[in-house]
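What follows is a short report on a single structure.
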Amino acid sequence: MPSGARHASTLSPAAAPASGARSWAAEVREQARRLRREAAATLASTADTAAGRGSAAPASVPAEAGWRSRLAAAEDRAAQLELALASNRRIGIAVGIVMARLHLTDGQALELLRDASQRRNVKLRELAEDIIYTGSV
(Lines give C-alpha, C1' and ligand atoms only; values in the text may rest on other atoms or scores of the structure.)
Protein backbone atom coordinates (compact mmCIF):
# COMPACT_ATOMS: atom_id res chain seq x y z
CA MET A 1 0.00 0.00 0.00
CA PRO A 2 1.48 3.38 -0.94
CA SER A 3 2.36 5.62 1.96
CA GLY A 4 -0.35 8.10 2.77
CA ALA A 5 -3.00 6.07 0.95
CA ARG A 6 -5.11 5.58 4.06
CA HIS A 7 -7.38 8.28 5.36
CA ALA A 8 -6.97 9.67 8.85
CA SER A 9 -10.42 8.34 9.81
CA THR A 10 -9.30 4.83 8.88
CA LEU A 11 -6.28 5.11 11.16
CA SER A 12 -8.10 6.72 14.07
CA PRO A 13 -8.21 4.52 17.15
CA ALA A 14 -11.94 5.08 17.57
CA ALA A 15 -12.58 3.72 14.07
CA ALA A 16 -11.07 0.35 14.92
CA PRO A 17 -13.69 -2.11 16.14
CA ALA A 18 -12.91 -3.67 19.50
CA SER A 19 -12.64 -7.14 17.96
CA GLY A 20 -10.14 -5.94 15.40
CA ALA A 21 -8.10 -3.70 17.70
CA ARG A 22 -5.19 -6.13 17.86
CA SER A 23 -5.02 -6.55 14.10
CA TRP A 24 -5.30 -2.78 13.69
CA ALA A 25 -2.48 -2.25 16.17
CA ALA A 26 -0.34 -4.86 14.40
CA GLU A 27 -1.02 -3.17 11.06
CA VAL A 28 -0.02 0.24 12.46
CA ARG A 29 3.17 -1.22 13.97
CA GLU A 30 4.09 -2.90 10.68
CA GLN A 31 3.44 0.28 8.72
CA ALA A 32 5.64 2.25 11.14
CA ARG A 33 8.42 -0.36 10.79
CA ARG A 34 8.18 -0.23 7.00
CA LEU A 35 8.37 3.55 7.01
CA ARG A 36 11.39 3.46 9.34
CA ARG A 37 13.14 1.01 6.99
CA GLU A 38 12.36 3.28 4.02
CA ALA A 39 13.62 6.30 5.94
CA ALA A 40 16.83 4.50 6.92
CA ALA A 41 17.44 3.38 3.32
CA THR A 42 16.79 6.89 2.05
CA LEU A 43 19.10 8.37 4.66
CA ALA A 44 21.86 5.89 3.77
CA SER A 45 21.44 6.62 0.07
CA THR A 46 21.59 10.36 0.71
CA ALA A 47 24.67 9.97 2.91
CA ASP A 48 26.44 7.86 0.26
CA THR A 49 25.72 10.45 -2.41
CA ALA A 50 26.87 13.30 -0.18
CA ALA A 51 30.11 11.44 0.65
CA GLY A 52 30.85 10.94 -3.01
CA ARG A 53 30.51 7.16 -2.93
CA GLY A 54 27.53 7.16 -5.24
CA SER A 55 27.57 8.20 -8.85
CA ALA A 56 26.49 11.73 -8.06
CA ALA A 57 26.23 13.83 -11.16
CA PRO A 58 25.41 17.54 -10.99
CA ALA A 59 21.81 16.64 -11.94
CA SER A 60 21.46 14.65 -8.69
CA VAL A 61 21.02 17.76 -6.54
CA PRO A 62 17.27 18.00 -7.28
CA ALA A 63 17.01 14.24 -6.77
CA GLU A 64 18.68 14.58 -3.37
CA ALA A 65 16.15 17.22 -2.38
CA GLY A 66 13.41 14.80 -3.40
CA TRP A 67 14.94 12.05 -1.27
CA ARG A 68 15.20 14.40 1.68
CA SER A 69 11.55 15.40 1.39
CA ARG A 70 10.51 11.72 1.12
CA LEU A 71 12.65 10.93 4.16
CA ALA A 72 11.02 13.72 6.18
CA ALA A 73 7.56 12.57 5.07
CA ALA A 74 8.32 8.96 6.05
CA GLU A 75 9.60 10.01 9.47
CA ASP A 76 6.52 12.19 10.04
CA ARG A 77 4.22 9.35 9.01
CA ALA A 78 5.96 6.89 11.36
CA ALA A 79 5.63 9.36 14.24
CA GLN A 80 1.92 9.87 13.50
CA LEU A 81 1.33 6.11 13.45
CA GLU A 82 3.11 5.69 16.78
CA LEU A 83 0.95 8.45 18.28
CA ALA A 84 -2.20 6.82 16.88
CA LEU A 85 -1.20 3.48 18.37
CA ALA A 86 -0.52 5.02 21.79
CA SER A 87 -3.85 6.89 21.67
CA ASN A 88 -5.64 3.67 20.72
CA ARG A 89 -4.20 1.91 23.74
CA ARG A 90 -5.21 4.72 26.11
CA ILE A 91 -8.74 4.80 24.67
CA GLY A 92 -8.92 1.04 25.12
CA ILE A 93 -7.97 1.41 28.79
CA ALA A 94 -10.68 4.05 29.26
CA VAL A 95 -13.24 1.82 27.55
CA GLY A 96 -12.30 -0.97 29.96
CA ILE A 97 -12.76 1.32 32.95
CA VAL A 98 -16.19 2.43 31.72
CA MET A 99 -17.15 -1.19 31.02
CA ALA A 100 -16.22 -2.24 34.55
CA ARG A 101 -17.82 0.71 36.33
CA LEU A 102 -21.08 0.87 34.38
CA HIS A 103 -21.41 -2.83 33.42
CA LEU A 104 -21.55 -2.09 29.67
CA THR A 105 -20.36 -3.96 26.60
CA ASP A 106 -17.32 -2.67 24.76
CA GLY A 107 -19.46 -1.16 21.99
CA GLN A 108 -21.73 0.59 24.48
CA ALA A 109 -18.77 1.94 26.44
CA LEU A 110 -17.09 3.28 23.30
CA GLU A 111 -20.33 4.90 22.17
CA LEU A 112 -20.73 6.49 25.61
CA LEU A 113 -17.19 7.90 25.37
CA ARG A 114 -17.81 9.23 21.85
CA ASP A 115 -21.00 10.97 22.99
CA ALA A 116 -19.28 12.44 26.05
CA SER A 117 -16.41 13.62 23.86
CA GLN A 118 -18.78 15.41 21.50
CA ARG A 119 -20.88 16.94 24.30
CA ARG A 120 -17.78 18.29 26.06
CA ASN A 121 -16.11 19.28 22.79
CA VAL A 122 -12.85 17.50 23.66
CA LYS A 123 -10.92 14.93 21.73
CA LEU A 124 -11.62 11.31 22.58
CA ARG A 125 -7.99 10.70 23.55
CA GLU A 126 -8.11 13.63 26.02
CA LEU A 127 -11.32 12.31 27.57
CA ALA A 128 -9.70 8.88 27.82
CA GLU A 129 -6.75 10.35 29.73
CA ASP A 130 -9.14 12.05 32.16
CA ILE A 131 -10.98 8.78 32.74
CA ILE A 132 -7.74 6.87 33.28
CA TYR A 133 -6.56 9.35 35.91
CA THR A 134 -9.88 10.06 37.64
CA GLY A 135 -11.83 6.86 37.03
CA SER A 136 -15.05 8.72 36.20
CA VAL A 137 -16.71 9.78 32.98
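The values are calculated or read from the model by the stated rules, or taken from the named source; none is laboratory data. Being a predicted model, the structure only gives us computed values, none of them experimental. All Cβ positions, glycine included, derive from the backbone under ideal geometry; neighbour counts span all protein chains shown. The protein model used for the area step is the full one, side chains on, heavy atoms only, and it has no ligands, DNA or RNA in it. Shrake-Rupley method; radii C 1.70, N 1.55, O 1.52, S 1.80 Å.
Of the residues Ala109, Ala14, which is modelled with pLDDT under 60, of a type outside the set (Asp, Glu), surrounded by 14 or more Cβ atoms within 10 Å (Cβ to Cβ) and assigned to a helix (DSSP H, G or I)?
Just one listed residue meets the conditions, Ala14.
Under the condition of being of a type in the set (Ser, Thr, Tyr) and within 30 Å of Ala41 (Cα to Cα), which residue from the range 65-106 is most open to solvent (accessible area, probe 1.4 Å)?
So the first thing to find is which residues in the range 65-106 are of a type in the set (Ser, Thr, Tyr), and the list is 69, 87, 105.
Now drop any that are not within 30 Å of Ala41 (Cα to Cα), which leaves 69, 87.
Working: Ser69: 68, Ser87: 15 Å².
In this case the residue turns out to be Ser69.
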Practice problem: Determine if the range 22-35 includes at least one residue that is over 12 Å from the mean Cα position of the chain (by Cα), surrounded by 17 or more Cβ atoms within 10 Å (Cβ to Cβ) and either under 25 Å from Leu127 (Cα atoms) or at pLDDT below 80 (or both). | Solution: no
